[in-house]
There are 4 protein chains.
Amino acid sequence: MVDLAALIADIAVAMAAQEERGQVASYIPELAKIDPAHFGIAIATADGRLLAGGDADTAFSIQSISKVFALTLALGKVGDQLWDRVGREPSGNAFNSIVQLEQEHGIPRNPFINAGAIVVSDVNLGGHQPRVAIGEMLRFVRYLTGDDSIAINEDVAASETGTGFRNMALANYMRAFGNLRHPVDLVLGTYFHQCAIEMSCRQLALAGRYLMLDGRHPDGGRVVSPGRARRINALMLTCGHYDASGDFAFRVGIPGKSGVGGGILAIVPGRASIAVWSPGLNDNGNSQLGTQALELLARRTGWSVFSPPEEGD
Amino acid sequence: MVDLAALIADIAVAMAAQEERGQVASYIPELAKIDPAHFGIAIATADGRLLAGGDADTAFSIQSISKVFALTLALGKVGDQLWDRVGREPSGNAFNSIVQLEQEHGIPRNPFINAGAIVVSDVNLGGHQPRVAIGEMLRFVRYLTGDDSIAINEDVAASETGTGFRNMALANYMRAFGNLRHPVDLVLGTYFHQCAIEMSCRQLALAGRYLMLDGRHPDGGRVVSPGRARRINALMLTCGHYDASGDFAFRVGIPGKSGVGGGILAIVPGRASIAVWSPGLNDNGNSQLGTQALELLARRTGWSVFSPPEEGD
Amino acid sequence: MVDLAALIADIAVAMAAQEERGQVASYIPELAKIDPAHFGIAIATADGRLLAGGDADTAFSIQSISKVFALTLALGKVGDQLWDRVGREPSGNAFNSIVQLEQEHGIPRNPFINAGAIVVSDVNLGGHQPRVAIGEMLRFVRYLTGDDSIAINEDVAASETGTGFRNMALANYMRAFGNLRHPVDLVLGTYFHQCAIEMSCRQLALAGRYLMLDGRHPDGGRVVSPGRARRINALMLTCGHYDASGDFAFRVGIPGKSGVGGGILAIVPGRASIAVWSPGLNDNGNSQLGTQALELLARRTGWSVFSPPEEGD
Amino acid sequence: MVDLAALIADIAVAMAAQEERGQVASYIPELAKIDPAHFGIAIATADGRLLAGGDADTAFSIQSISKVFALTLALGKVGDQLWDRVGREPSGNAFNSIVQLEQEHGIPRNPFINAGAIVVSDVNLGGHQPRVAIGEMLRFVRYLTGDDSIAINEDVAASETGTGFRNMALANYMRAFGNLRHPVDLVLGTYFHQCAIEMSCRQLALAGRYLMLDGRHPDGGRVVSPGRARRINALMLTCGHYDASGDFAFRVGIPGKSGVGGGILAIVPGRASIAVWSPGLNDNGNSQLGTQALELLARRTGWSVFSPPEEGD
């Protein structure tokens, strides 16, 4: 069996030596200020350990990774009715594509592209004010991690509110098709604040444990049913990396969800909840070093949902 | 642990009682003649058993399931160079879509849509005559199953040759972009014959064992490396059911590849190679009862690549 | 030579007898209230006559016909620089399509689809408040007609403001590409008010005279240069009827611009400025009876830009 | 009134001095050999004159200009039933786009894009062998010009047959939708030979006279009805220059049809049939100098279908 602590140290060293680090997201002004030299990794294991390396304690903007937690909440509220308003298919287009929405009458392809996540935010609003839905989301990630220090970066939220024309276009477009129930500004206010949650790799790895544990909280409580945990994992595998989801499944072989802040949450069912972070993005908008680190980790551990179980132990 | 033999019997009974059986593919005249009442299932397990139910011994046209074996052969010939000519992303469009080819300059999205499989056939031709490539394919599936009776239905192959205008369009279109090296009629001749291979559920489940066994033949030989087996499984999960791949991953949770003949090959890494067959197709062109049977099987066994390993045993 | 007065009477009678009148636009609540039984026609001739029939004095919402006047104003402000921000090609898609905007990076195909007209409104704002730009537009159509009673229906403008999600999507989308200079709500405020101008057929036929007279006002003044008048006519012919522009050119053969209020302004260079109105729309969103009336008029008069000049006199 | 002979001489001098001449079409090997230095122009007037300048007597491959004559023949055979199989709307996409065919179920947008012209060739075959249809086409253009020396360049026809993969894709694709009645190779054989007709500017200007004369042959016979002549002119204006049709209408203002051989036929109804030729193409695939020459000619003569008739005389 692999020595995870040593492996994490190896990976941190290997990543520090990488020269091609991708581009930091520039369309959100607050994110553009982040130093691309950062790299962090943390692994929460099924047997209760937490191993970390690099900048594993530096908080970063989780951005689209929040879509996993938001989806979990929305399924708790409306169950499978959600799928009347959002699809479950990979997108086949860039993450903010509006073309597909036109062709499919305002139903986004999946809950992990922006349009789908905006519908999820509309569900999570549930007739309340944005601050209620945002508070609920914060309480949820604090409960998952057992860490009440997790907070929203208001500067980042404001930064998105000011420049998110494309998301405003998506939201108005879906509203034109009747697929949003609340006013666009309330839905986007909720969405932008959710994306602006800041977590460290350590916190993020802890937050993902319920997806490794078939829906259970490590404290013994049940977050979601086993079936729902599996289905969220399935969505992460097929749709978690925008238009590079197939490539991530091919190269890394485990469910994951990336964010433009440079973080990735990856789940090895029954074994590990992994968080990596490096702000530079590749051409597909996913963390350049984060993807490489996960590929290296998967190869060295044998972790893959596509290999016989015994191989990975 | 589940009693697989009893479960298979249950599934066969449940499927026989289904009234909504979908539509038999009509665009290939020879396939349109098949009786939709058929249902078969076979499971080859990692511990060497073979369990079967229903019409598990009736041969059917494997059609697009052949793409899995053709891909395996092509990777053996040119390795990762294949990915310069074929992508690895889900399609997001219907299985015979030409739109994507135009937008992406003649590079098909993945080897499991028709355009991608035609490029794979071009690779497998390798400068030889179609009969050479077709012979190689037949030998390969006979080797995988240990059954030399497997053959091609020439009527079906001729039936496709006569009506495959859309595939001719795809092939000529890719040729216009320089992504085919051999004359279009030779490539399509190879492709149509490969699709016209006939196998029973029992044979098909045997043929898929190397993907369950991390690339090994049950006789101990190595068909492909462990990494390649995992990556083929990954492609089956993200791209194996055309535009319903995401839904299959969500509902069933294991890699699979369907064909318009009504067959599906599904792989549970380390546990089972499963073949189901029922000729009626759902709106996405995948076997209606076959999909339902696999969903039921997955739920009853707990088999899912997205659940902790111990859960499924 | 045709007796125009008699012909207009014939057309009004023929249209009154039509049973298939199309559907009144329903997406703008205020427009949905209009009685589909209306039909009006007015023709201003180059020799100074004004002939009218049917409900030629009933004011209706000119909607997209306003795009002709707005384009004229914008060209007066920025000249050919406008074409850096708006194309001049037929759309090939429905009038409110956002797909083309994505493929062409926020540059709308022409100034007569909604996206293009929104850019034109952005130009016409010119750093001022909407009421300034709206006032200028009103003064312009009053000058063209010599009729100061022309006004905006504030209920219609408010109706669009409240439901124009699709236009909000288009505007935000173009803003994301940097192709709007003013805040979206100011641009749309201008656009919605311009569309809510009400005119009768009589007034509209008068307003179009400068396009029949190679850019001259009948009072002798020059509205635009001859070349610009011809080019606006060319745009009306190729782009004036959304996705049915080719069909209108084929069947009617003269430049025209339709609006969802059911009006059409059509120009026979050197001969006539024609306004028709009937609220029921055909499948392409153009006035059902208006199109038929113009086709009949063109056939009976021989008016067509595609026939030898002498034929039409 | 303009001195046409002097103007033609001016234009020939101006074009000879142009340095930016575009790119000669490279995808048809035989065409790629043509010297880009050529420029020719010829004008047949309604009063029976024929004026010419530059290389007006050099034969060139008329290519897509043949679509005008083929459409005229097909309308003679099946009349308006043609429009059940071909649309009349501008394409909004590149001239050989297959995307639109998928979205619109095998019905090409208009008879002047390749797909539409292939359907027209299918109509013109009419159950006969290609040589019959090709012979009919040749007789038609010889009749229009009164010049029996017009012939097909077999090398060019063979050159297209060998490399026309994209047209083969289009044809097979439409066949898949049932919109071709004859075998693909017969239809394309007809189409490629029609495109390979060679004519000089002088011959081409003569051939276009019936469209200037409202359907009459200068010898007094009737080629098509006045209405049909106008409608063909309308199609040339809205669809004659692929994705630059709107721009041509905007800048030049008269109906025209271009070919990748570098020729353009342009019609001023009642006044002139104009042929220009220069092999270098602009980014839209239309003759660079040919377009400029027509723009200059239109400006100097005042010829435009969008200006009052008297202005142009």
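Hey, residue C:198 hits all of (1) outside any loop (DSSP other than H, G, I, E, B); (2) away from chain A (no Cβ under 14 Å); (3) farther than 20 Å from residue C:223 by Cα; (4) touching a helix residue (DSSP H, G or I) at 6+ places or on another chain (Cβ under 6 Å) but one; which does it fall short on?
Result: residue C:198 passes all but (4).
Could you tell me whether residue B:91 is of a type in the set (Gly, Ala, Ser) and more than 14 Å from chain A (Cβ to nearest Cβ)?
no
How about the stretch D:69-98: which of its residues are outside any loop (DSSP other than H, G, I, E, B) and open to solvent by less than 20 Å² (accessible area, probe 1.4 Å)? If you could, list the steps in order and put the result at the bottom.
Pass one, the stretch D:69-98, residues outside any loop (DSSP other than H, G, I, E, B): D:69-84.
Across the stretch D:69-98, the qualifying residues are D:69, D:70, D:71, D:72, D:74, D:75, D:79, D:82.
Could you say whether any residue in the stretch C:277-291 is under 27 Å from residue C:216 (Cα atoms), within 12 Å of chain D (Cβ to nearest Cβ) and among the polar types (S, T, N, Q)?
Checked against the condition, which is being under 27 Å from residue C:216 (Cα atoms), within 12 Å of chain D (Cβ to nearest Cβ) and among the polar types (S, T, N, Q), the stretch C:277-291 yields no hits at all.
Return a yes/no flag: does the stretch C:162-176 have any residue that is in a helix (DSSP H, G or I), more than 14 Å from chain A (Cβ to nearest Cβ) and surrounded by fewer than 23 Cβ atoms within 10 Å (Cβ to Cβ).
Taking every residue of the stretch C:162-176 in turn, none turns out to be in a helix (DSSP H, G or I), more than 14 Å from chain A (Cβ to nearest Cβ) and surrounded by fewer than 23 Cβ atoms within 10 Å (Cβ to Cβ).
If I ask for residues that are in contact with a Lys or Arg (Cβ under 8 Å, 6 or more places away or on another chain) and either closer than 15 Å to residue A:259 by Cβ or surrounded by 24 or more Cβ atoms within 10 Å (Cβ to Cβ) (or both), which ones from the stretch A:44-68 would you list?
Listed by number, the residues that qualify are A:44, A:56, A:64, A:65, A:67, A:68.
Among the residues of the stretch B:255-288, which ones are within 17 Å of residue B:62 (Cβ to Cβ) and hydrophobic (A, V, I, L, M, F, W, C)?
Within the stretch B:255-288, B:260, B:264, B:265, B:266, B:267, B:274, B:275, B:276, B:277, B:281 meet the criteria.
Can you tell me how many residues within the stretch B:1-24 are open to solvent by 80 Å² or more (accessible area, probe 1.4 Å) and either among the β-branched types (Val, Ile, Thr) or touching a Phe, Trp or Tyr at 6+ places or on another chain (Cβ under 8 Å) (or both)?
Residues in the stretch B:1-24 being open to solvent by 80 Å² or more (accessible area, probe 1.4 Å) and either among the β-branched types (Val, Ile, Thr) or touching a Phe, Trp or Tyr at 6+ places or on another chain (Cβ under 8 Å) (or both): 1 in total.
Of the conditions (1) buried (at least 24 other Cβ atoms within 10 Å of the Cβ); (2) over 25 Å from residue C:53 (Cα atoms); (3) more than 8 Å from chain D (Cβ to nearest Cβ), residue C:257 clears all except one; give me its number.
(2)
Cβ-Cβ under 6 Å, sequence separation 6+ or interchain: first residue in the stretch B:150-161 and farther than 9 Å from residue B:193 by Cα, partner hydrophobic (A, V, I, L, M, F, W, C) and assigned to a strand (DSSP E or B). Which pairs?
Hits for this filter: B:150/B:199.
Determine which single condition residue A:112 fails, assuming it passes every other condition in (1) farther than 15 Å from residue A:171 by Cβ; (2) open to solvent by less than 10 Å² (accessible area, probe 1.4 Å); (3) within 12 Å of chain B (Cβ to nearest Cβ); (4) in a helix (DSSP H, G or I).
(4)
Looking at residue D:220 and the list (1) under 28 Å from residue D:89 (Cα atoms); (2) in the same structural domain as residue D:306 (by TED's automatic domain parsing), which single condition is not satisfied?
It fails just one condition, (1).
Would you be able to say whether some residue in the stretch D:120-139 is open to solvent by 40 Å² or more (accessible area, probe 1.4 Å), of a type in the set (Lys, Arg) and touching a residue at least 12 places away in the same chain (Cβ under 8 Å)? Explain how you work it out, then say what you get.
Applying the first criterion (open to solvent by 40 Å² or more (accessible area, probe 1.4 Å)) to the stretch D:120-139 yields D:126-129, D:131-132, D:136, D:139.
Checking which are of a type in the set (Lys, Arg) leaves us with D:131, D:139.
This time we only want the ones that are touching a residue at least 12 places away in the same chain (Cβ under 8 Å), so: none.
No: zero hits.
Quick one: residue D:295 ticks every box in (1) in contact (Cβ under 8 Å) with a residue 60 or more places away in the chain; (2) within 13 Å of another protein chain (Cβ to nearest Cβ) bar one, so which box is it?
Here residue D:295 meets the rest and fails (1).
What about residue C:243, is it among the acidic types (Asp, Glu), at pLDDT below 95 and farther than 16 Å from residue C:114 by Cα?
No.
Quick check: anything in the stretch C:223-243 more than 10 Å from chain D (Cβ to nearest Cβ), without any contact (Cβ under 8 Å) to a residue 24 or more places away in the chain and more than 20 Å from residue C:13 (Cβ to Cβ)?
yes
Tally the residues that are open to solvent by 10 Å² or more (accessible area, probe 1.4 Å) and either of a type outside the set (Asp, Glu) or at positive phi (or both), restricting the search to the stretch C:265-290.
Residues of the stretch C:265-290 open to solvent by 10 Å² or more (accessible area, probe 1.4 Å): C:270-271, C:281-285, C:288.
Among the residues that remain, those that are also either of a type outside the set (Asp, Glu) or at positive phi (or both) are: C:270-271, C:281-282, C:284-285, C:288.
Qualifying residue count for the region: 7.
Can you pull out every residue in the stretch B:140-159 that is out of contact with any Leu (no Cβ under 8 Å at 6 or more places or on another chain), in a helix (DSSP H, G or I) and either farther than 17 Å from residue B:114 by Cα or open to solvent by 10 Å² or more (accessible area, probe 1.4 Å) (or both)?
Going through the stretch B:140-159, the residues out of contact with any Leu (no Cβ under 8 Å at 6 or more places or on another chain) turn out to be B:141-143, B:148-149, B:153-155, B:157-158.
If we keep only those that are in a helix (DSSP H, G or I) too, we end up with B:141-143, B:154-155, B:157-158.
Within the stretch B:140-159, B:141, B:142, B:143, B:154, B:155, B:158 meet the criteria.
Tell me which of these residue D:203 doesn't satisfy, since it passes every other one: (1) surrounded by 24 or more Cβ atoms within 10 Å (Cβ to Cβ); (2) within 30 Å of residue C:304 (Cβ to Cβ); (3) free of Cβ contacts under 8 Å to residues at least 60 places away in the same chain.
Status for residue D:203: all satisfied but (3).
Let me spell it out: the conditions are (1) in a strand (DSSP E or B); (2) over 17 Å from the mean Cα position of the chain (by Cα), and residue A:42 meets all of them except one. Which number is the exception?
(2)
The values are calculated or read from the model by the stated rules, or taken from the named source; none is laboratory data. The structure presented is a predicted model; accordingly, all values stated were derived computationally and were not measured. Using ideal geometry, Cβ is built from the backbone for each residue, glycine included, and neighbour counts are taken over all protein chains shown. Calculation scope for accessible area: heavy atoms of the full protein, side chains included, ligands and nucleic acids excluded. Shrake-Rupley method; radii C 1.70, N 1.55, O 1.52, S 1.80 Å.
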